[in-house]
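Remarks on the structure that follows.
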Amino acid sequence: MTLPLSITKTVHNGENFLYLMEQIPGKDGPNGNLTDEFFDSYAVHYFNNADNTPLNAAFYSRFYDTKEKDAMGRNRRRRGFNDAYLWAARTEHKRVSALSVEDPQKVDPNCVGTSCERKSWKREQAWSWAIPLEIVWTTPLSKWNPYNITYLGRSGDKPATGCQGEANTANKNTDQIVLDGGRDGKPNTDGSCNAAKAYACSNNKHFYRTPKTFFGGEDGEQDPADTSGRLTCILDQNGVARKTMASGHWIVFPSIGNVGPVRQRYPIAPIHVAGSTIWKEVKAFEKMSLKDDYDSLLDQDGFFGGQRDGTYGFTLTLMGGGHDHDLRVSGGWHKQWAPMVRSDGYSVATHQVTTVTSNGHQHVIEIERSQPLGSDTPLEYKMLNCKIKGMTEWEVQQDPEHPMCGDGHVSVARVYN
């Protein structure tokens, strides 16, 4: 859904987000048109209500006005009585349970006042509720396919035909077809593509169709500042290797010509308790009872020190390639990650970890953890090898000193508090 360009009014301490959610339909879909009527009144828009036009309650709303004022002289209300961050939309969908309430109707609709004769009537309404977690701006890039690159579907599917339309007589799944013959999609060191190494076509785990030139210059050369290695080679339906970039959702797009970088995804932080008295009391107690560096990992003593890793574990992040993966290291693994002493005086240990799923896939990576002997500096983490989960061999590295996953991940880090 898009935000109308005509909407510029600042809403509720700067929240234009109210208008964003109003573009999202409820269970009746984008053609839904329902009013919210109750007790001789009805809901109108929170701001655009000069002509008392009924609010289209089939789209999500958080605040609304009523046509008539209540006994306290107020007509502004919100959907969630205790939850100020709740949106609601009416629906006539048969699978959504409805609630009813006695709402006696006037026998004479033109009658005015409290003495009008009324007949018994029950008003029934069904609602769906929304708690927004993230804003994702959709773009045509998800469907744009100028190189006519075949898309085989999900990784577990076994299509009837392969990338060039040939029969899939071996009954391979789409991953096996895309990666057939050890293809990794990586360009040559000079930035050119090798047809023998380019992905055979695309699936949901290897979704590359956007031309590299859309983000870079007409020569297609990779920006030296782009160290993530996101340029990917893939074959079109004629077997020509094309330079492409990921076509799925990005957090921030690579720089686009004269436009520059554009952010596509915005998380909605759960800060609804930040202003409550409970939150303030907890933070005040924390300030009084704990040292400023109470959670420093350099301090190996106490509950909040580095020893907590042996009990609760910690999380590393595999970064680069336009998306990240978390790697959960349990307390047991942390204790077993025993170091060895290198000749240069560093304490080093390696470990294999499987990432969580992101962008529809997982990685298995080999990590080196090092620290100067006798030092109390934080541990350093380095990726040594990488492969997609399910593959038997490590991906071939063109530069072993700077290993990189096939989809552009280049580093492992621990984000300290």
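No lab work stands behind these numbers, since they all come straight from the coordinates. If you're wondering where the values come from, they're calculated on a predicted model, not measured in any experiment. Positions of Cβ are generated from backbone atoms using ideal geometry, with glycine treated the same way; all protein chains shown enter the neighbour counts.
Here are some notes:
- Packing-based ranking, highest mean first, of 242-252, 108-118 given that Cβ atoms within 10 Å are counted: 242-252, 108-118
- The order of 179, 318, going from fewest to most other C-beta atoms within 10 Å of their C-beta, is 179, 318.
- Put simply, the C-alpha atoms of region 133-268 give a gyration tensor, and the ellipsoid matching it has half-axes of 26, 19, 12 Å, longest first.
- Pairs from 94/119; 67/106; 205/387; 27/106; 197/243 whose Cα-Cα separation, in the structure shown, is over 24 Å: 94/119; 27/106
- At R0 = 35 Å, FRET efficiency that the Cβ-Cβ distance of residue 166 and residue 145 yields, to 0.05: 0.95
- When region 17-132 is described by a simple charge dipole with +1 on each Lys and Arg Cβ and -1 on each Asp and Glu Cβ, the residue from 42, 25, 52 located farthest towards its positive end is 25.
- Of the trypsin sites (Lys or Arg not before Pro) in region 34-89, the ones in a loop by DSSP (not H, G, I, E or B) with at most 11 other beta carbons within 10 Å are 74.
- Residue 133 paired with residue 52, simple spin-label distance in nm, labels 7 Å along Cα-to-beta-carbon: 4.2
- Ranked for footprinting exposure by Cβ neighbours inside 10 Å, fewest first, 131, 278, 367 give 278, 131, 367.
- Extent of region 17-132 along its three principal axes (Cα atoms, max minus min coordinate, largest first): 44, 33, 28 Å.
- Length added when fully stretched, residue 268-residue 291, from 0.36 nm per residue minus Cα-Cα: 5.2 nm
- Ordering of 34-46, 192-204 by packing [mean C-beta count within 10 Å, highest first]: 192-204, 34-46
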